[in-house]
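Report on the structure given below.
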2 protein chains.
Amino acid sequence: MTDDRTPADISPTRPAPETVAALRAFNRFHTRFAGVLQPSYMDSGMGVTAARLLYEIAQGQAGVLASSLRERMGLDAGHASRIIAGFEKRGWIARGRGSDARQRPIALTAQGRAAFAAIDARTRADTAARIVELDRGQQDDLMAALGQVRALLGDPMASEEASGGWSIRPFRIGDLALVASRQARLYEAEYGWGRAMEVMQGEITTAFLRDFKPGREQAWIAERDGAMLGAVLLADVGEDVGQLRLLHVERVARGLGIGRALIDQCVGFARDAGYRQMMLWTQNILTQARRLYESAGFQLVEREAHSLFGAEMTGERWILALH
Amino acid sequence: MTDDRTPADISPTRPAPETVAALRAFNRFHTRFAGVLQPSYMDSGMGVTAARLLYEIAQGQAGVLASSLRERMGLDAGHASRIIAGFEKRGWIARGRGSDARQRPIALTAQGRAAFAAIDARTRADTAARIVELDRGQQDDLMAALGQVRALLGDPMASEEASGGWSIRPFRIGDLALVASRQARLYEAEYGWGRAMEVMQGEITTAFLRDFKPGREQAWIAERDGAMLGAVLLADVGEDVGQLRLLHVERVARGLGIGRALIDQCVGFARDAGYRQMMLWTQNILTQARRLYESAGFQLVEREAHSLFGAEMTGERWILALH
DNA sequence: ATTATTAGTTGACGTTGTCAACTATCATGG
DNA sequence: CCATGATAGTTGACAACGTCAACTAATAAT
C-alpha cells in the first residue's frame, strides 16, 4: 500500500502547460468526435437536449421529478417543461401525481421505452461503428484509457456507475509488468525511492511469473472499466506460508475500500488453498498500509532498519495465522 | 518489431458491448465536462460556435477563406457569414481581396488577436483549474491516457498536431516495465505467444535495470503527448558488442517511421559509445521488423529453429559492424 | 392567517441554426 | 465572345433552441 504521502508530495503542483494544452486539444477533438454540435441527435428528429433528457428519464427510476432532471442536467425550467410536454404529447411518458400535489412524477410508457430503445440501439450501433477496426486488445486499451481519463478528471459518476464500480479479477498477460511499472512510478513520486525499488518490483513480478504455481499462487487486479486501480500478489514461500506482495492502490482510487478488498481476496484464497500462515514485508512509513494489515488481523513480528531505497527506514515483517 | 500479423489477427472483431458502453459513458461524461452545452462560451458573450470559429481563425494562417473555415467546421454558409460579419463589426478581423475577387480572405487585427488572447487565456486558466489537484505523475498519466484515446479513436489531428508529432526520449522510472507489459500483450494478441515470452521480457527489462551501465547502455521511448508509441533497448553484451533488444512499435503508431527512428537512435548511440558491433535476436516471422533491420544495414548471420513460445519458429541473429 | 418557498407552466423574446434565393465573380466550352 | 454552370459570400424568412420573468397551485414556516 502506498499512502501517507507527506504534505509536500500532494501539494497541488500548478498544472504544466503541456498538460493543459493536451487536455484542450483533447476537448476539441472529442467535441468533434462526439458530434455534440449536430443539432439533430442521430437524425431522430429531436435535439441533443431532448435526447439527453429522454436518456435520463429512461435510465433513472420511474417516477422521476422534472426538477430532479432539470437540476441534474442544468436545464432551464421552462425549456425542460416544454420538452417533457412534448414527450407526453407523443405518448412516450405518463405523468402521475406525487404525494406532493405540485409534483408530476414522470414514467416511461411502453411506447416511450420502445422509442428510447430504438434511439439507444441506433446510438450503440453508431458508436460501435466508430471502433470496429479495433481488435480486442485495442478495445481493452481504449477502455483502460477512457477509465483513466475519467478518474483523473474526477468524474463523480465514474465511481458509482451501473456499468462500473470496481471489481477484482485474476491477473492476465501483461498485468504484472504493468503493476511493476505503476508501483515504480508511484513510489518514485511519493517517496523518491528510485531504481532499487524498481528493480525489486521487476524481480518480484518476473519471478512470480516464471515460477507461477496455479492453485497455490495468484495475483489480482482491481479495475474499473478496464483501468487498473490496484493489485496484489500471493506467492508461495514454502512451509505452507503464503506471502502477500506488491499491494498497491492507485491514488485516484483510494478510500473506496479497494486495499482491504484485495487483502481479503488474497487471504481468502490462501486459506482455501490450505496455507498455514500469511506473511508480508512492508515499510514502517507506509502507515496507511500498515493499518490495513493490522485491521485484517496481521501481526507485526519483526523489524529491521535498512536503507535499500535511499532513505533510512525500517522494514517490517507481519504474519497472520490462517487456521 | 511486431508486425506482419496474419489476416486473422487484424480481422475487425465486432466491438464488445462493454467497450461500446464504456465509450458512450465517456462521451456523456466528457460532454458535461467540456461544457459544450453551455450556450455562452466562458462568459465571453459569444456562443460556442463563434468561439470555435475565432479559434480556427486565430490558429490558422492569416488570410483564410470563409469557405475553408466553414468546411472544416461543418458550418452553414449563412451562419458562418453572419458570425464573421460580427467579428468584422467588432474590429477583430479585417477582410481583404483575394486573387479571386469573390474571396474575402480573413485576417485577425491586433484587436482581434488581443480579444482571442484574452479568451484563450481564460480557457487555459479554466482548464488548468480543473486539474490543479493532479501532481506531476498524474498529469503524465492523464496526457498518456488522452493521447491513447485519441490515437485509438483515430483522431487524424493527433498525428500532425503542432504540440505533437512523436518524439524519442530516454527511459524513465517505470518505463521499462511498461514496455514489458505492452510487448507481452502485443505478442499475445498478434501471435499467441504466452507466458514464456512475458517472462523473457520481464527478465530482460529487469536485468537491464539492475545492471544498467550509464553511457554504455540506454533505452528509448517513442511517445506522443505522453503516450508510449514504441521503445527499444541497447544492452552491452561485452567485447564491444551492443545488443538491440525489445524493439516494438504500437499498432496505432505504425507506418510513421518510428521503428526506423528507434533503430537509428540505438545504432547512433552505440556508435558514439564506441561499440564495435551491434547484434540482435529476432524471429523469422517478424518480417516487418526484419525488413527494418535489413534496411538499417544489419545482416543475418545465424538461424536456429526453436519452439520457446509455443509455435515452431526460427530465431535469427543479425549483426551490424559499426566501424 | 400571512408569508415565503417550491413544482411546474406559460408567454414574450432573443439567439442559433437552416434553407433557399440572391449577387458577384470565375471557369469552361462551343 | 457568350452561354452555362460553378463558386464565394450575403441576405431574408423561418424554425428550433434556450432564457427570463410572470404566473398558478400547492406546500411549509411562523
* When you go through A:Glu18, A:Glu56 one by one, which is the residue that is at pLDDT 85 or above and away from DNA strand C (no atom under 16 Å from the Cβ)? -> A:Glu18
* Could you please let me know if B:Phe212 is among the aromatic types (Phe, Trp, Tyr), closer than 30 Å to B:Arg276 by Cα and without any contact (Cβ under 8 Å) to a residue 24 or more places away in the chain? => yes
* Scope the range A:189-203; condition surrounded by 19 or more Cβ atoms within 10 Å (Cβ to Cβ) and closer than 8 Å to A:Phe309 by Cβ; matching residues -> A:Tyr191, A:Trp193, A:Met197
* To do: Return yes when B:Trp220 is touching a residue at least 60 places away in the same chain (Cβ under 8 Å) and either in the same structural domain as B:Met279 (by TED's automatic domain parsing) or aliphatic (A, V, I, L, M) (or both) and no when it is not.
  => no
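Residue-wise test of (1) hydroxyl-bearing (Ser, Thr, Tyr); (2) at pLDDT 85 or above; (3) surrounded by fewer than 18 Cβ atoms within 10 Å (Cβ to Cβ).
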residue: A:Arg32; (1), (2), (3): no, no, yes
residue: A:Thr49; (1), (2), (3): yes, yes, yes
residue: A:Arg52; (1), (2), (3): no, yes, no
residue: A:Leu75; (1), (2), (3): no, yes, no
residue: A:Ile84; (1), (2), (3): no, yes, no
residue: A:Glu88; (1), (2), (3): no, yes, yes
residue: A:Trp92; (1), (2), (3): no, yes, no
residue: A:Gly96; (1), (2), (3): no, yes, yes
residue: A:Thr127; (1), (2), (3): yes, yes, no
* Asked: Do we have A:Leu176 as assigned to a helix (DSSP H, G or I), under 18 Å from B:Arg182 (Cα atoms) and more than 7 Å from chain B (Cβ to nearest Cβ) here?
  -> yes
* Structure fact -> Residues of the range B:173-199 being in contact (Cβ under 8 Å) with a residue 24 or more places away in the chain and not small (Gly, Ala, Ser), in sequence order, are B:Asp175, B:Leu176, B:Leu178, B:Val179, B:Arg182, B:Gln183, B:Leu186, B:Tyr187, B:Glu190, B:Tyr191, B:Trp193, B:Met197
* Just one of the numbered conditions (1) modelled with pLDDT of 90 or more; (2) more than 7 Å from chain B (Cβ to nearest Cβ) is not true of A:Pro156; which one? -> (1)
* Evaluate the range B:220-228: report whether one residue or more is over 26 Å from the mean Cα position of the chain (by Cα) and closer than 24 Å to A:Ile204 by Cα. => no
* Within the group B:Ala117, B:Ala128, B:Ala110, which residue is more than 14 Å from chain A (Cβ to nearest Cβ) and under 29 Å from the mean Cα position of the chain (by Cα)? -> B:Ala117
* Among (1) more than 10 Å from DNA strand C (Cβ to nearest atom); (2) farther than 24 Å from B:Gly47 by Cβ, the one test that A:Ser67 misses -> (1)
* Asked: Can you tell me how many residues in the range B:91-131 are in a strand (DSSP E or B) and within 16 Å of DNA strand C (Cβ to nearest atom)?
  -> 1
* Asked: If you go through the range A:98-125 one residue at a time, how many are under 30 Å from A:Arg32 (Cβ atoms) and either surrounded by 16 or more Cβ atoms within 10 Å (Cβ to Cβ) or acidic (Asp, Glu) (or both)?
  -> 6
* Structure fact -> Contact list, first residue from the range B:125-144 and on the phi < 0 side of the Ramachandran plot, second anywhere and hydroxyl-bearing (Ser, Thr, Tyr) and assigned to a helix (DSSP H, G or I), beta-carbon distance below 6 Å, six or more apart or interchain, is B:Gln139/A:Thr19; B:Met143/A:Thr19
* Looking at the range A:71-88, which of the residues that are over 19 Å from A:Gln61 (Cβ atoms) and away from chain B (no Cβ under 14 Å) is farthest from DNA strand D (Cβ to nearest atom)? -> A:Ala85
* Go through the residues of the range B:240-256 one by one and say whether even a single one is out of contact with any helix residue (DSSP H, G or I) (no Cβ under 8 Å at 6 or more places or on another chain), among the small types (Gly, Ala, Ser), without any contact (Cβ under 8 Å) to a residue 12 or more places away in the chain and over 22 Å from B:Arg317 (Cβ atoms). => yes
* Asked: Can you tell me which residue in the range B:213-270 is nearest to A:Ala21 (Cα to Cα), limited to those that are among the acidic types (Asp, Glu) and assigned to a loop (DSSP other than H, G, I, E, B)?
  -> B:Asp225
* To do: Check B:Gly91, B:Gly63 and return the single one that is at positive phi, touching a strand residue (DSSP E or B) at 6+ places or on another chain (Cβ under 7 Å) and within 16 Å of DNA strand D (Cβ to nearest atom).
  => B:Gly63
* **Positions within the range B:137-153 being among the hydrophobic types (A, V, I, L, M, F, W, C), more than 7 Å from chain A (Cβ to nearest Cβ) and closer than 21 Å to A:Arg14 by Cβ, in sequence order** => B:Ala144
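The values are calculated or read from the model by the stated rules, or taken from the named source; none is laboratory data. Please read all numbers here as calculations on a predicted model, not as lab measurements. Here the Cβ is made from the backbone with ideal geometry for all residues, glycine too, and neighbour counts use every protein chain on show.
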